Amino acid sequence: MIKLHESWLRYLAPEFEKPYMQEIKIFLQQEIAAGKTIYPHPKNIFNAFEYTHFDNLKVVIIGQDPYHGPGQAHGLSFSVQDGITPPPSLKNIYKEIESDIGKSPFSSKGEGQGLRSGNLTQWAKQWVLLLNAILTVEASKPASHNQIGWQNFTDEVIRTISREKSGIVFLLWGSFAQNKKGLIDTSKHFILEAPHPSPFSAHRGFLGCKHFSKTNEILQQKGKEVINW
């Protein structure tokens, strides 16, 4: 189950020896043995920490829990695997990118060919940590693993980033992500807040938030390479 780049393990290895993590492991093993489908696949649970290295980290986007449909979740918040239609929240993210920086959410073949891939691995490889607070979910049951202990781990991830890094841009979309603000030292990091990109709330201020250009402006000011959204 453990698949973290060594740069994270320098700080997070002790978490895997703690009782809560052992309890999560046993719970997931029992659920799978009982025939339940868990997303993402165990080999992908920690993908965010494999693709995005701690030493190079620039941006953190906090999601809640993985997508719960077949073939969607692969360990990166808001991202789906190749060949899967982008879910509504991701479509709104793409709409905002187009409005904000003029990059079309449609494929280079044109709008008639459909939306571009919903796989955000290229963001992760540009040092954007796509962090879900909850790292697993039972198929067709959103928020089903909210209480099994994952937030002990992901809260420690956020605290570690806050303590050990500086100048990180945190994108907090929606009240769930914004509740993590208390874990972040606002005197040394940048926080951009907006409503969640879900169709239920995107019109309240996510659309028009310009977080993608604002993030790149901050990175430029810090002498860092911008993100190719």
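The values are calculated or read from the model by the stated rules, or taken from the named source; none is laboratory data. Worth saying up front: this structure is predicted, and the values here are computed from it rather than measured. Cβ: placed from backbone, ideal geometry, glycine included. Neighbour counts: every protein chain shown. Surface accessibility is based on the protein's heavy atoms, side chains included, excluding ligands, DNA and RNA. Shrake-Rupley method; radii C 1.70, N 1.55, O 1.52, S 1.80 Å.
Starting from residues that are touching a residue at least 12 places away in the same chain (Cβ under 8 Å) and among the polar types (S, T, N, Q), keep the ones in region 176-210 and report whichever is farthest from Leu129 (Cα to Cα).
Ser201
State whether the residues of region 36-49 include one that is of a type outside the set (Gly, Ala, Ser), in contact with a strand residue (DSSP E or B) (Cβ under 8 Å, 6 or more places away or on another chain) and over 26 Å from Trp8 (Cα atoms).
yes
Please work out which residue is most open to solvent (accessible area, probe 1.4 Å), limiting yourself to region 44-70 and to residues that are under 17 Å from the mean Cα position of the chain (by Cα) and among the charged types (D, E, K, R).
Across region 44-70, the extreme among qualifying residues is Glu50.
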